[in-house]
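Notes follow once the structure below has been shown.
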């Protein structure tokens with residue numbers, strides 16, 4: 001799975017955001033704010049990956065346990081699904 | 001580092017996204033934004049409605065809604081009330097006091113379509129055009145009402 005093409009990650013007002021960018025239209029109304037963790041996961045998901053690879057990367061990067069990491073990854077993935085950002 | 005859970009979609013103020021909008025418009029992209037503030041009410045309302053901004057392809061005209069950058073650095077989305085030889089006179093739909101001194105160099109983009117209460121409409125929509133005409137007709141009465149209210153406030157304050 002990976003994040004669909006057609007988004008750019010940039011910064012607005014000191015917040016990291018992802019903005020949907022179509023062929024001709026940039027949609028600021030669909031902008032999503034990424035906290036540090038989400039931004040980290042977002043970058044990993046620019047190429048095809050799976051949950052295990054994400055989990056491994058998060059555990060390497062953050063001071064957390066496996067259960068918490070999985071819970072947060074699942075929440076992030078669900079958020080992406082809800083917004084139709086995910087390609088599975 | 002600890003994991004942080006919150007990520008959400010938030011509307012940003014025009015001041016925050018203005019420079020990015022300007023950049024995308026300069027690259028010939030259209031930009032869709034959620035309206036912030038109520039200066040264009042009743043047509044466009046804060047966080048409810050959207051505008052699609054397009055690069056300028058013709059000279060802005062009376063009644064166009066345009067995004068412009070004031071000399072003080074403020075990004076504004078208002079309607080052109082009047083076009084004079086060397087300037088545009090601007091007025092938000094909710095406002096009564098005219099803004100003068102806006103020129104072509106201030107204008108960044110023109111709104112070519114809107115989403116109002118969830119419904120799409122472009123600037124050629126006949127009902128929208130009727131609204132513009134009606135709102136323009138009502139302008140002198142709105143101005144008079146505001147001046148009257150301000151007069152009464154000043155009078156009874158003393």
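Name the residue that is nearest to the other protein chains (Cβ to nearest Cβ), counting only residues in segment A:57-87 that are exposed (fewer than 12 other Cβ atoms within 10 Å of the Cβ) and more than 23 Å from residue A:17 (Cβ to Cβ). Of everything passing the filter in segment A:57-87, A:63 is nearest to the other protein chains (Cβ to nearest Cβ). Scanning segment A:13-48 for residues that are crowded, with 16+ Cβ neighbours inside 10 Å, in a loop (DSSP other than H, G, I, E, B) and more than 7 Å from chain B (Cβ to nearest Cβ) yields one hit, A:45.
Conditions (1) buried (at least 20 other Cβ atoms within 10 Å of the Cβ); (2) over 20 Å from residue B:130 (Cβ atoms), marked per residue:
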| residue | (1), (2) |
| --- | --- |
| B:25 | yes, yes |
| B:28 | no, yes |
| B:44 | yes, no |
| B:63 | no, no |
| B:70 | no, yes |
| B:76 | yes, yes |
| B:117 | no, no |
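Only one of the numbered conditions (1) away from every other protein chain (no Cβ under 13 Å); (2) part of a loop (DSSP other than H, G, I, E, B) is not met by residue A:52, and that is (2).
Residue A:7: at the interface with chain B (Cβ under 9 Å from one of its Cβ atoms), on the phi < 0 side of the Ramachandran plot, in contact with a strand residue (DSSP E or B) (Cβ under 8 Å, 6 or more places away or on another chain) and surrounded by 15 or more Cβ atoms within 10 Å (Cβ to Cβ), yes or no? It is false that residue A:7 is at the interface with chain B (Cβ under 9 Å from one of its Cβ atoms), on the phi < 0 side of the Ramachandran plot, in contact with a strand residue (DSSP E or B) (Cβ under 8 Å, 6 or more places away or on another chain) and surrounded by 15 or more Cβ atoms within 10 Å (Cβ to Cβ). Residues that are farther than 30 Å from residue B:150 by Cα and at pLDDT 95 or above do occur in segment B:82-104, at least one of them.
Could we say that residue B:53 is part of a loop (DSSP other than H, G, I, E, B), surrounded by 13 or more Cβ atoms within 10 Å (Cβ to Cβ) and at negative phi here? It is false that residue B:53 is part of a loop (DSSP other than H, G, I, E, B), surrounded by 13 or more Cβ atoms within 10 Å (Cβ to Cβ) and at negative phi.
Hey, which of the strands (runs of 3 or more DSSP E) in segment B:90-158, taking only ones fully inside, have at least 1 residues that are touching a residue at least 24 places away in the same chain (Cβ under 8 Å) and on the phi < 0 side of the Ramachandran plot?
On the way: elements: B:99-102, B:107-116, B:119-122.
In segment B:90-158, B:99-102, B:107-116 are the strands (runs of 3 or more DSSP E) which contain 1 or more residues that are touching a residue at least 24 places away in the same chain (Cβ under 8 Å) and on the phi < 0 side of the Ramachandran plot.
The values are calculated or read from the model by the stated rules, or taken from the named source; none is laboratory data. Here the structure is a predicted model, which is why all the values come from computation and not from measurement. FYI the Cβ positions are ideal-geometry reconstructions off the backbone, even for glycines, and counts take in every protein chain you see.
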